[in-house]
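The values are calculated or read from the model by the stated rules, or taken from the named source; none is laboratory data. Just so it is clear, the structure is predicted and the values come from calculations on it, not from any experiment. No Cβ is skipped: glycine too gets one built from the backbone with ideal geometry, and neighbour counts run over all protein chains shown.
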Amino acid sequence: MIRCTICGRENEDTFRYCLDCGSEIGGAAAPTQAQPQKPPEPAEDDLGEVIALTEEAPPTGMIEVQSAVVAPLPTPPSVSLATPAGGTPRHTPIPPGPLEATAPSVRSDPAVRAAEAATSVSSPLEEDRPELGPKPVVPPISAPAPAPASRAIPDYLRPCPTCGKEVAAGHAFCGSCGARADTSAAPPPATAASTAAAASVGGTMVMGAVDAPELAAPRFKVTLIKPDGSEAGATSLKTPETVAGSAGAAISIPEDPFVTSAHLTLAERAGVLRVRDGGSATGTFLKLTARQPVPLPSGSALRFGRQRLRLEKIGPIPEPAPGEAAEWGSPDHGARFRLVQELEGGGDGTAWMLSEGEYRVGREVGELTFPKDGYVSGTHGRLQIGADGKASFEDLGSSNGSFLRLTQETVVTEGDFLLVGMHLLRIDLQ
């Protein structure tokens, strides 16, 4: 990792520019040409015979110089030099770089000269010319790399507008070319907190929420329960909205003639799950909590056992117009509501007139009984008509529960049950 000297951010070794402030930080660089090194200067006590400069060619093994004096190269005593035809001995290559008139006195040490002689080798194939210095380092020429195959860039990455390299959404500058990647806003100033966060976990940069989107795990799942009470599998709510309905829906409820194709929708927002009916004919019912009365406005529908009941408010009987006869009928005992039994197929069954007071509902005991319905408990619930003209219902801890039809989007949570057709949907946490 390379730390930016301007803002302190840790960057990858391959980046030449800081991802936060765009300053040049180094990174991988192209090879540079090697510079010739200056040889050590000979000491005064190593100077040999001074060669007078003339216009003639210098003797074999010597170098022609301009306005300078040189010393003959001593032949290492432990190395035998090859002698080509003509009898002129060859010398070892002269070190690269300009020759000077002085050199360090360490060259006069016999031990140093012996070590140099042991590591130098003269080849008879070498030409009688001095080495002029190391050859410049030329970077190898390689064929242009093939263009990468086109691929989709994830949402949390975007191409650099200058070089096209991928840049994370939270980075203001490209780490490859240093150009500004976020042209819509200036880079945020580096702070001590941001620098400390980037260097945490042993110096490894920590990816923040801006670098990649959060992939929240599903919080809820729905378990389907058949009419016989057995479970038929669970479905995780992986999307913001999940539809339950007949075969083909995300939550499939097959082989139920009372379920439509998009019967209901479960929507999760900010960790809260809500359910809304899709306008189905048979409705979506929520199981009531035992021993907690709930208000029943006019038009409410209840389900328990095999019964479906509709509550209707009775308005005041209108007075006859002047000169008209009053309508004759059964005595009015002050009924405020009418409870109507809805039959399978759409017809109305029995209706009960409800005045102010309490009405017990059950299979065996109560003012409203259903002796032939084995799914209704002996004392199932209680219906209350108040003096204020309002109605409420309370489940008394029945075995199979009581359900109220939903007329608007309603919050549900873990452990709640939804009655859809002849099936139950149980809300569970993952």
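Each row is one residue, and each column tells you yes or no for (1) touching a residue at least 60 places away in the same chain (Cβ under 8 Å); (2) small (Gly, Ala, Ser).
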residue	(1), (2)
GLY233	no, yes
SER236	yes, yes
PRO240	no, no
ALA244	yes, yes
ASP256	yes, no
THR260	no, no
HIS263	yes, no
ALA270	no, yes
GLY278	no, yes
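Take the residues of region 161-189 that are at pLDDT below 65 and polar (S, T, N, Q): which is surrounded by the fewest Cβ atoms within 10 Å (Cβ to Cβ)?
Of everything passing the filter in region 161-189, SER184 is surrounded by the fewest Cβ atoms within 10 Å (Cβ to Cβ).
Looking at this structure, is ALA281 out of contact with any strand residue (DSSP E or B) (no Cβ under 8 Å at 6 or more places or on another chain) and surrounded by fewer than 18 Cβ atoms within 10 Å (Cβ to Cβ)?
In short, yes.
So, ASP228, is that one charged (D, E, K, R), modelled with pLDDT of 95 or more and either assigned to a loop (DSSP other than H, G, I, E, B) or out of contact with any Asp or Glu (no Cβ under 8 Å at 6 or more places or on another chain) (or both) or not?
Considered against the rule, which asks whether it is charged (D, E, K, R), modelled with pLDDT of 95 or more and either assigned to a loop (DSSP other than H, G, I, E, B) or out of contact with any Asp or Glu (no Cβ under 8 Å at 6 or more places or on another chain) (or both), ASP228 comes out as no.
So which residues in region 302-325 are closer than 27 Å to THR379 by Cα and not basic (Lys, Arg)?
Across region 302-325, the qualifying residues are LEU302, PHE304, GLY305, GLN307, LEU309, LEU311, GLU312, ILE314.
Quick one: which residue in GLY421, GLY415, GLY346 is more than 30 Å from LYS238 (Cβ to Cβ) and either of a type outside the set (D, E, K, R) or in contact (Cβ under 8 Å) with a residue 40 or more places away in the chain (or both)?
Exactly one of GLY421, GLY415, GLY346 is more than 30 Å from LYS238 (Cβ to Cβ) and either of a type outside the set (D, E, K, R) or in contact (Cβ under 8 Å) with a residue 40 or more places away in the chain (or both), namely GLY346.
Against the definition (without any contact (Cβ under 8 Å) to a residue 40 or more places away in the chain, small (Gly, Ala, Ser) and exposed (fewer than 11 other Cβ atoms within 10 Å of the Cβ)), how does ALA351 come out, yes or no?
Answer is no for this residue.
Can you tell me which residues in region 392-412 are of a type in the set (D, E, K, R) and in a strand (DSSP E or B)?
First, pick out the residues of region 392-412 that are of a type in the set (D, E, K, R): 394-395, 405, 409.
If the condition is that a residue be of a type in the set (D, E, K, R) and in a strand (DSSP E or B), then GLU394, ASP395, ARG405 are the ones that fit.
Take region 413-430 and flag every residue that is part of a strand (DSSP E or B) and either surrounded by fewer than 17 Cβ atoms within 10 Å (Cβ to Cβ) or of a type in the set (Gly, Ala, Ser) (or both).
ASP428, LEU429
Taking region 318-332, which residues are within 21 Å of MET353 (Cα to Cα) and of a type in the set (Asp, Glu)?
Residues satisfying the conditions are GLU319, GLU327, ASP332.
For region 354-381, give me each residue that is of a type in the set (D, E, K, R), touching a Lys or Arg at 6+ places or on another chain (Cβ under 9 Å) and surrounded by fewer than 19 Cβ atoms within 10 Å (Cβ to Cβ).
Hits for region 354-381 are GLU356, GLU358, ARG360, GLU367, LYS372, ASP373.
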